[in-house]
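The values are calculated or read from the model by the stated rules, or taken from the named source; none is laboratory data. All of these numbers come straight from a predicted model, not from anything done at the bench. Because the Cβ atoms are built from the backbone with ideal geometry, glycine has one as well, and the counts that use them run over all protein chains shown. Heavy atoms of the whole protein, side chains included, go into the accessibility calculation; ligands, DNA and RNA do not. Shrake-Rupley method; radii C 1.70, N 1.55, O 1.52, S 1.80 Å.
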Amino acid sequence: AKSSAASDVYKRQARPQRRCDRAGAPKRRRTRNSMSILPIVKLPDPILRQPAEPVERVDDALLQTLDDMLETMYEAPGVGLAANQVGITRRFLVVDAGNDSDEGADEETAQRNPICLINPEIVSLGTVTRVYEEGCLSLPGVRVEVERPTEITVRYIDRDGHPRELDADGLLATVIQHEVDHLDGKLIIDYLSSLKRSMIVRRFKKLARQA
Ligand code: GNR
Ligand code: NI
């Protein structure tokens, strides 16, 4: 993969601390406990169009990034976040579509249900579809009606490095498909006509110029 500023950020996180910096210092925890809110990449940043590369191993840097992405997602707030939305062109994502029993739950009573998916692959798509109005943290203010299968099966590696398979339906299935699209460089505006899509892209380019 081509080196970009953002993937360099990831390399910097992954690189072990140089020994000389730590000489004589007390032994340090292997992991940070704190989480950070990461900046979310917005249209027209070309990172969003770059297909993400598979993760090679689950290490502390990846686990830390997953925690940071969860915190970033909750703070936004959003129900899913793909790695390239925080500038990392690797195949992982986080999602929290709540619980089935969450219908009508307020912020106090809603249970968190964070799921981290590494190298996700949708291995089966149901035949029944539905249209759902989707939003995207990388396209603030844009809503697009997207038709997708209601039920999916996704195969992935979990935080412990173990392969898993998950049957999802409802919002969870919709969001996982939305996030896997991100990892393939695909956005919800790609489900619109090219005229509507180019109007939205032009609006975001103008906004970026003014910023
Ligand atoms: O927060 C989000 N809400 C949402 C609503 C309907 C369908 C998909 C989503 S995902 C989105 C967060 C986001 O941009 N993830 O990539
Ligand atoms: Ni999105």
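Full extension of the segment from Lys196 to Asn113, taken as 0.36 nm per residue of separation minus the current Cα-Cα distance, would add 26.4 nm. In this structure, the amide hydrogen of Glu53, modeled 1.01 Å from its nitrogen in the peptide plane, lies closer than 5 angstrom to those of Arg90, Arg91, counting only residues at least 5 positions away or on a different chain.
Using R0 = 41 Å, the C-beta based FRET efficiency linking Asp169 and Ala211 works out to 0.55. What the phi angles of segment 54-67 give under the Karplus curve with 6.51, -1.76 and 1.60, with θ = phi - 60°, is a coupling list of x, 7, 8, 8, 8, 10, 4, 5, 5, 4, 5, 5, 4, 4 Hz, glycine and proline written as x. Judged by the gyration tensor of its Cα atoms, with axes a ≥ b ≥ c, segment 112-166 is oblate; a/c meets the 1.5 cut and b/c is at least as large as a/b. These residues, Ser36, Ser138, go from largest to smallest accessible area, 1.4 Å probe, as Ser36, Ser138.
Summarising the label geometry, the points placed 7 Å from Cα in the beta-carbon direction at Val123 and Arg155 lie 0.4 nm from one another.
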